[in-house]
Amino acid sequence: MLSRKAIVDLTIRLKNPPYIPFWVNGTKIRSSDIFTYDLSLPDEDDSFMSEWGFERIRDEEGNWKVQTKATLQEWKEVDVYQAPRLDFSRRLGGIAQAAKYCQDRYRLATLGMSGFSVYCSLRGAEHSAVDFLIEPDRFLELMELIFNFETSMFDLVAKKGFHAIEFCDDWGPRQSSKMTLSLWRRQLKSYYAKQFRYAKELGLDIWFNTSSESADFFGDFKDMGVSVVRIRKPSLMEIGSIGRLYRGKLSFAVRLDELFAENNLDQIQNVQECLSVPTGGFIGMVPDFVDQGTIDQIKSFINRKTSINEDE
């Protein structure tokens, strides 16, 4: 019998998994083929603050929220700012306990919040919207500090037996953000590419958790070696056009409980058919606050016999 890790591997690599894997993102992993471990930490003295120094708040799905109020208001504060301590004993202290129930699942280590999203939470919405235009050198200096901190965890993540690292980032609303795709390519793409390349050299798959407005970046994700893109709000995305461009080129982990709650089974089927190929590429996902009955029904629905998973 194949392990759950092997099922996810076959799905990501488009090699005919025997069923469509399912991810319960959080601690309720009985029905999950994927085990998730959050690498981010709270401040040592204040659990309501992040290790970066900004407020630590989760959204309703469990993702860390980007903060709009600046922690580093002035450049003189940025100039003396230091990255958090790696403190691996505390950061990875839960792994021994987690190993008891992880079993044969695919192991995903998530950064919780990463890259430009960390920058935005440090500098606030007003500054982060223009820093890369007004002070590009200082912007890149702080971004490099963030990238280096993140990358310094990859070795130990791989040594601890994780199979993938998840980045959690985006670059603002596409209609109003000044961080256009072309500017991102000029200023930041090489940093992300370097991170991804190093992670892959260590044998880690790359997952990317981003907003519904970052689909323009998916082609670059593919070129840089991203294996899985997490789609948190499929109802807000042009799933058809994403499927036409990236079906069979990227794999997608898609949140499905909101569509199910609206009894929108036709839309779940449409999402699945748009993003899947007969050989894989699709992972169903729900947050861990979803009740077990709903989880069981969604799992059963996406694994029904359809044109997606029938032999051609």
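Computed from Cα atoms alone, the Kirkwood hydrodynamic radius reported for region 48-137 is 15.3 Å.
Give me the percent of accessible area attributable to carbon and sulfur for region 191-270, probe 1.4 angstrom.
42 percent
For a quick check of your reading of the filter: which trypsin sites (Lys or Arg not before Pro) in region 1-84 sit in a DSSP loop and have no more than 15 other Cβ atoms within 10 Å? Hits after loop and neighbour filter: R13, K15, R30, K65, K69. Here the chain is treated as a sphere whose radius is the Kirkwood value from Cα pairs; by Stokes-Einstein at 25 °C and 0.890 mPa s it diffuses with a coefficient of 122 µm²/s.
Of the residues D223, D43, ranked by 1.4 Å probe accessible area with the largest first, the sequence reads D223, D43. Shape analysis of region 180-232 places it in the oblate category; the axes a ≥ b ≥ c from the Cα gyration tensor give an a/c of at least 1.5, with a/b not above b/c.
Entry comment: accessible area of region 38-116 is 55 Å² per residue, from protein heavy atoms only and a probe of 1.4 Å.
Looking at region 224-312, which chymotrypsin sites (Phe, Trp or Tyr not before Pro) are in a loop (DSSP not H, G, I, E or B) and have at most 16 other Cβ atoms within 10 Å?
F289
Stokes-Einstein diffusion for region 203-255 at 37 °C, viscosity 0.692 mPa s, with a Kirkwood radius from C-alpha pairs, works out to 296 µm²/s.
Computed about the Cα centre, the dipole magnitude for region 28-87 is approximately 220 debye when only Lys and Arg (+1) and Asp and Glu (-1) carry charge, each at its Cβ. For A70, the residues whose amide H sits under 5 Å from its own are A125, ignoring neighbours fewer than 5 places away on the same chain, with H placed 1.01 Å from N. Amide H to amide H, with H built 1.01 Å from N, S50 comes under 5 Å of D43, E55, R56, counting only residues 5 or more places away or on other chains.
Karplus-derived 3J(HN,Hα) values for region 257-274, using 6.51 cos²θ - 1.76 cosθ + 1.60 with θ = phi - 60°, are 5, 5, 5, 5, 4, 8, 6, 9, 5, 4, 6, 4, 4, 5, 4, 5, 5, 5 Hz; glycine and proline are entered as x.
Under a GNM of the chain (C-alpha, springs under 10 Å), which listed residue has the highest mean-square fluctuation: F88, F147, F196? Maximum fluctuation in the GNM of the chain, among the listed residues, is at F88.
Once C-alpha pairs closer than 8 Å and six or more residues apart are averaged by separation and normalised to the residue number of the chain, the relative contact order reads 20 percent.
For region 43-201, the share of alpha carbon pairs falling in successive 5 Å distance bins from zero is 2, 8, 16, 21, 20, 16, 9, 5, 2, 1, 0 percent. Taking θ as phi - 60° and the Karplus parameters 6.51, -1.76 and 1.60, the scalar couplings of region 47-56 work out to 5, 8, 10, 7, 5, 7, x, 9, 5, 10 Hz in sequence order, x denoting glycine and proline.
Along its principal axes, region 214-287 has C-alpha extents of 36, 25, 21 angstrom, given from the largest down.
The values are calculated or read from the model by the stated rules, or taken from the named source; none is laboratory data. Just so it is clear, the model here is predicted, and its values are computed rather than measured. Cβ sites come from the backbone with ideal geometry, for glycine too, and all protein chains shown count toward neighbours. SASA here: full protein model, heavy atoms, side chains in, ligands and nucleic acids out. Shrake-Rupley method; radii C 1.70, N 1.55, O 1.52, S 1.80 Å.
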